[in-house]
Amino acid sequence: MPSLILALIPIFTPLHTLRVLRVVRILRLLRILRILKFVSILCSKYYEYYLRFSTIKKIKILDIQIYIFNFFSFLLVSSTLMYIAESRSADTPFSSIPQAMWWAIVTITTVGYGDVIPVTTLGKIIAGFTMIGDLVLVALLIAVVGRIVEHTIFGSLLSEEEKILQKKDAKRRQFYNNRPNKRFK
């Protein structure tokens with residue numbers, strides 16, 4: 001309806017006195033500024049919510065990513081070393097690196113089927129180090145899962161890293177809220 005009125009205004013007024021259109025343009029501009037102010041307030045509220053909950057999620061995701069990276073790198077290194085150590089033997093079950101990866105997965109997950117076992121002395125030493133490294137990986141996994149469960153159950157307990165991140169976020173919010181050139185407030 002307002003655009004229809006704007007389309008009919010030039011018919012009823014002389015073309016040189018279109019001051020009404022200027023007023024309508026100013027009113028539209030003011031309305032847009034009011035909407036932008038609302039959007040700015042909405043974005044700041046969302047940003048505060050995001051900062052409050054994203055630091056915890058970032059730390060949890062980072063912990064899980066670190067564990068997964070360590071698991072796959074340990075798997076790859078141990079299986080490659082086992083293949084190199086066992087490939088020289090004639091009666092070895094390690095015919096390829098994927099076969100050695102199967103052995104490493106079974107060993108790391110402490111299943112231990114016994115279908116593939118090292119034959120050489122160097123292979124047995126590497127198997128021993130793989131089993132010890134497995135204990136480190138399990139301890140790391142328990143720490144990651146324990147931290148997530150602790151935060152889920154006792155949500156108010158924050159570690160020192162999380163407190164530092166929250167202080168940094170609070171300083172960043174304070175900086176953005178105290179800017180001298182605020183347009184919309």
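The values are calculated or read from the model by the stated rules, or taken from the named source; none is laboratory data. Treat the numbers as computed from the prediction; the structure is a model and nothing was measured. Counting neighbours? That spans all protein chains shown, and the Cβs are built from the backbone with ideal geometry, glycine included.
Remarks
- Filtering the range 81-107 to residues that are part of a loop (DSSP other than H, G, I, E, B) and surrounded by 14 or more Cβ atoms within 10 Å (Cβ to Cβ) leaves 87, 89, 92, 93, 94.
- Residue match in the range 68-80 (condition: assigned to a helix (DSSP H, G or I), under 30 Å from residue 170 (Cβ atoms), in contact (Cβ under 8 Å) with a residue 40 or more places away in the chain and under 29 Å from the mean Cα position of the chain (by Cα)): no
- Scanning the range 139-153 for residues that are among the β-branched types (Val, Ile, Thr), without any contact (Cβ under 8 Å) to a residue 24 or more places away in the chain and either within 26 Å of residue 76 (Cβ to Cβ) or touching an Asp or Glu at 6+ places or on another chain (Cβ under 7 Å) (or both) gives 142, 145.
- Number of positions in the range 175-185 that are at pLDDT 60 or above and under 16 Å from residue 45 (Cβ atoms): 2
- Test: residue in the range 138-150 that is within 30 Å of residue 92 (Cα to Cα), surrounded by 13 or more Cβ atoms within 10 Å (Cβ to Cβ) and at pLDDT 75 or above: yes
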